[in-house]
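The values are calculated or read from the model by the stated rules, or taken from the named source; none is laboratory data. Model, not experiment: these values are computed from the prediction. Backbone-built Cβ (ideal geometry, glycine too); neighbour counts: all protein chains shown. The accessibility values were calculated without ligands, DNA or RNA, using every heavy atom of the protein model including side chains. Shrake-Rupley method; radii C 1.70, N 1.55, O 1.52, S 1.80 Å.
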Amino acid sequence: MEKLFADIQEKIIVFQKDAEQQVSKGNKAAGTRARKAALELMKLLKEFRKESVAASK
């Protein structure tokens with residue numbers, strides 16, 4: 001679960017960087033990367049939730 005948490009933190013950093021570039025500079029490529037990171041982050045968060053619920057039982 002620690003590895004999963006570290007992966008989530010990495011994706012959040014990537015998303016923040018790319019989303020900031022899109023918003024502040026209008027960088028379209030950064031927007032594409034931010035959307036990709038958001039999808040990957042969503043998958044990781046679902047996995048985290050599943051593992052967290054299983055661990056609490």
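Scanning region 15-42 for residues that are in a helix (DSSP H, G or I) and open to solvent by less than 70 Å² (accessible area, probe 1.4 Å) yields a count of 11.
The condition of being exposed (fewer than 15 other Cβ atoms within 10 Å of the Cβ) and at negative phi holds for Glu2. The combined condition, being open to solvent by less than 60 Å² (accessible area, probe 1.4 Å), out of contact with any strand residue (DSSP E or B) (no Cβ under 6 Å at 6 or more places or on another chain) and in a helix (DSSP H, G or I), is not fulfilled by Leu45.
Scanning region 19-37 for any residue that is within 18 Å of Lys3 (Cβ to Cβ), at pLDDT 95 or above and not hydrophobic (A, V, I, L, M, F, W, C) turns up nothing. Scanning region 48-57 for residues that are open to solvent by 80 Å² or more (accessible area, probe 1.4 Å) and of a type outside the set (S, T, N, Q) yields Arg49, Lys50, Lys57. Beta carbons closer than 6 Å, at least 6 apart along the sequence or on distinct chains, pair a first residue in region 25-39 that is without any contact (Cβ under 8 Å) to a residue 12 or more places away in the chain and of a type outside the set (D, E, K, R) with a second that is surrounded by 10 or more Cβ atoms within 10 Å (Cβ to Cβ) and in a helix (DSSP H, G or I) for Asn27/Gln21.
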